[in-house]
Amino acid sequence: MKKGILIIIIVVVVIAIGILSSLMSRNTAEMKRVRAMPINDIKLSNISDGVYKGDYSYGGFTYEVGVIVKDYKIEDIKMLKNRKTFHAQKAEGVIPKALHAQSLNVDAVTGATTTSKAILKAIENSFQNRITQ
């Protein structure tokens, strides 16, 4: 009887390890894809004044930003939806970099690379979605 229970426990543990390994490898593949993802710069001379909303989904979460453009300059970028994790909050450091550079061609925040790229991609995507004048 004890031998049967031990075998069941071992089988359950092996299955659990297999499931966790599978999930971790998918997350690793997604992280690599996001890290290698190109962020296209924007031509502000082609962007009309307005408020633009963009998003990008990564890791089962959708990051959302609002971008205000005035006189062909990015006046402000607001994080509308972000995770409450340490790395996600740290990644918001790409916003002042993009504002200062007036460009999306900025370095990701060290230690929050993939989330930084997700935020930059959300900003890039915003310019396809003008929401107000």
Original post:
(1) more than 19 Å from Met31 (Cα to Cα); (2) modelled with pLDDT under 95; (3) among the β-branched types (Val, Ile, Thr): which one isn't true of Thr113, the others all being true?
Top reply: (1)
Original post:
With segment 70-133 as the region, which helices (runs of 4 or more DSSP H) entirely inside it contain at least 2 residues that are closer than 11 Å to Gly54 by Cα?
Top reply: 113-126
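Per-residue answers, yes or no, for (1) crowded, with 16+ Cβ neighbours inside 10 Å; (2) under 24 Å from Ala29 (Cα atoms); (3) modelled with pLDDT under 95; (4) among the aromatic types (Phe, Trp, Tyr):
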{"residue": "Asn46", "(1), (2), (3), (4)": "no, no, yes, no"}
{"residue": "Gly60", "(1), (2), (3), (4)": "no, yes, yes, no"}
{"residue": "Lys78", "(1), (2), (3), (4)": "no, no, no, no"}
{"residue": "Phe86", "(1), (2), (3), (4)": "no, yes, yes, yes"}
{"residue": "Ala122", "(1), (2), (3), (4)": "yes, yes, no, no"}
Original post:
Here is a list of conditions, (1) within 17 Å of Ile42 (Cα to Cα); (2) out of contact with any strand residue (DSSP E or B) (no Cβ under 6 Å at 6 or more places or on another chain); (3) free of Cβ contacts under 8 Å to residues at least 40 places away in the same chain; (4) surrounded by 13 or more Cβ atoms within 10 Å (Cβ to Cβ), and Ser103 meets all of them except one; can you say which number that is?
Top reply: (3)
Original post:
Condition test on Gly54, is it over 16 Å from Leu120 (Cβ atoms) and surrounded by 13 or more Cβ atoms within 10 Å (Cβ to Cβ)?
Top reply: no
Original post:
Restricting segment 1-43 to residues that are modelled with pLDDT of 75 or more and not in a helix (DSSP H, G or I), which is nearest to Asp71 (Cα to Cα)?
Top reply: Lys43
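The values are calculated or read from the model by the stated rules, or taken from the named source; none is laboratory data. All of these numbers come straight from a predicted model, not from anything done at the bench. With ideal geometry, Cβ positions are generated from the backbone for all residues, glycine too; neighbour counts draw on all protein chains shown.
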